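The values are calculated or read from the model by the stated rules, or taken from the named source; none is laboratory data. All figures in this text were calculated on a predicted structure; none of them were measured in a lab. Heads up, the Cβs are rebuilt from the backbone with ideal geometry, glycines too, and the neighbour counts pull from every protein chain shown.
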Amino acid sequence: MRGIVMVLTILLLMPAWAVAAPAPKLSDDGLYVQDWFVTSFLDLRDDLADATKSGKRFAIIWEQKGCSYCRDLHTVNFADDTVRGWIKDRYAIVQLNLWGSREVTDFDGEVLAEKDLARKYRVNFTPTISFFPDTVAEMGGRKGNDAEVARLPGYFRNFHFLSMFEYVWDKRYAKGQEFQRYLAEKTAAQPGVAQ
């Protein structure tokens with residue numbers, strides 16, 4: 001009994017960083033996955049419409065097998081409860097494989113393999129996150145990369161990573177504010193924030 005009390009006391013006194021976050025799962029194609037990502041029939045118009053109905057924004061995360069920064073996206077960024085919770089509550093995310101063969105229907109109706117869609121969207125490295133307008137109507141029949149409202153190219157640490165999601169959520173792009181200016185504003189408003 002005394003041993004159990006001692007172990008529980010030690011666990012309670014351990015700093016939060018010392019407790020390992022659960023390891024992300026690997027899919028059959030070698031990508032790390034989150035159980036809250038959208039399970040999709042890969043028709044991007046439908047995915048965006050579903051996100052809109054549920055009051056969420058829509059984004060695509062492009063990843064590839066063996067990508068160390070993709071791993072960090074899942075083991076660092078999404079392992080942070082605050083970051084994951086904020087994004088999960090506000091975004092519907094579809095994960096696509098930069099070299100994948102699954103057929104995806106683009107917003108303009110064209111059906112392509114993931115790897116061909118990545119080329120069409122000019123995605124050159126991973127992770128890349130593409131953010132889209134609120135509704136299918138706002139897409140205006142344009143292909144995805146022409147209608148993107150923002151793009152997160154590469155791996156960013158938690159502060160910058162979450163800031164991009166906040167930037168899109170707050171529609172700062174629609175007000176003509178560049179992401180870098182948004183970051184500068186946010187940093188000035190929160191002195192001492194670890195970046």
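Has the stretch 107-120 got at least one residue that is more than 22 Å from SER163 (Cα to Cα), β-branched (Val, Ile, Thr) and modelled with pLDDT under 95?
Checked against the condition, which is being more than 22 Å from SER163 (Cα to Cα), β-branched (Val, Ile, Thr) and modelled with pLDDT under 95, the stretch 107-120 yields no hits at all.
So which helices (runs of 4 or more DSSP H) stay within the stretch 108-195 end to end and still have 1 or more residues that are touching a residue at least 60 places away in the same chain (Cβ under 8 Å)?
Those helices (runs of 4 or more DSSP H) span 136-139, 144-147, 158-169.
Can you confirm whether VAL168 is in contact with a strand residue (DSSP E or B) (Cβ under 6 Å, 6 or more places away or on another chain) and more than 19 Å from LEU48 (Cα to Cα)? Give the derivation first.
On the way: in contact with a strand residue (DSSP E or B) (Cβ under 6 Å, 6 or more places away or on another chain): yes; more than 19 Å from LEU48 (Cα to Cα): no.
When the stated conditions are applied, VAL168 does not pass them.
Restricting to the stretch 34-68, and then to whatever is of a type in the set (A, V, I, L, M) and more than 23 Å from TRP99 (Cα to Cα), can you tell me which residue is surrounded by the fewest Cβ atoms within 10 Å (Cβ to Cβ)?
ALA49
Let's see how each residue does on (1) within 19 Å of the chain's Cα centre (by Cα); (2) surrounded by 15 or more Cβ atoms within 10 Å (Cβ to Cβ); (3) among the aromatic types (Phe, Trp, Tyr):
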| residue | (1), (2), (3) |
| --- | --- |
| LYS88 | yes, yes, no |
| ARG102 | no, no, no |
| GLY109 | no, no, no |
| ASP134 | yes, yes, no |
| TYR155 | yes, yes, yes |
| ALA174 | no, no, no |
| GLN177 | no, no, no |
| ARG181 | no, no, no |
